[in-house]
1. Given the Cα-Cα distance of ARG42 and TYR183 and 0.36 nm per residue of separation, how much length would full extension add, in nm?
2. Among PHE65, PHE16, what is the fewest-to-most ranking by other Cβ atoms within 10 Å?
3. Give me the number: length gained by fully extending ALA165 to LYS19, i.e. 0.36 nm times residue separation minus the C-alpha to C-alpha distance, one decimal in nm.
4. Quick check for you: which residues of the stretch 60-89 have the amide N under 20 Å from the point 7 Å beyond the Cα of ARG30 toward its beta carbon?
5. Test of understanding: what is the full-extension gain from GLN67 to ALA131, defined as 0.36 nm times their sequence separation minus their Cα-Cα distance?
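Laboratory data are not the source of any read-out in this text; all were calculated from the coordinates shown. Predicted model, so just to flag it, every value in this text is computed and none were measured. Neighbour counts run over all protein chains shown; Cβ positions are idealised from the backbone, glycine included.
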Amino acid sequence: MSIGFEIDDLVRRAQFGDKAAFNSLVVLYRLRLTRLIIRYTRNYWDAEDIVQDTFVRAYRGISGFRQESSFFTWLCQIAINLARNKHRLTMALQASFPELVNQHDPDREYVSKSYADSPEEILIGKQLAQAVISLVEQLPERLQTAYFLREIDGLSYQEIADKMACPIGTVRSRIARTRSAIYTFLVGPAADLNAFPGIYEDDAEGVLPQDS
């Protein structure tokens, strides 16, 4: 039996819910995929996080894998997209919140201008950006989607409204609530997302003012 046939068999079994078969695929490809993603992250731990997320997403979506490419190629596409989105979101967060300073506690600055371009600033900035990314990923999916379409894909509010099939006022509300959660986290991390007003409230469809 060829290796290719064995892999195809594992994929088919995984598509029918065989967790052991999927775990075998993880063992086969984890190291190879990590080596690839390190080229994008330049950091082993970031690569590990992305690879872990890749396998989670692959497990959830494997029923939709049509074998039009190899399974490893499919995994690579997922992982590379995650790595690129993470980098773009990090850049967007740094652009949106350039100072990352707790205004209520001057002695607890996250990034001090006196350390500009220093290794300390780079490290703290990356750690804080990762913490914010983790926060955003915990938000309701409708808030994540609106925020990512705006900050990562650079879509206009109208384009996001069209894509999400909701009023433009709702889009503005979702993005504002996400930014509020991020700002609240930056100026004084809350214990959990329940501390952020309005995060889990239903959208007031049609109530918010709509732009022409």
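1. Full extension of this stretch gives 48.0 nm more.
2. So the ranking, lowest neighbour count to highest, is PHE16, PHE65.
3. On the way: separation 146, 0.36 × 146 = 52.56 nm, distance 3.62 nm.
Additional length available on full extension: 48.9 nm.
4. 60-62, 71-80, 82-83, by backbone N distance to the label point.
5. Numbers: separation 64, 0.36 × 64 = 23.04 nm, distance 3.57 nm.
Gain on stretching GLN67 to ALA131: 19.5 nm.
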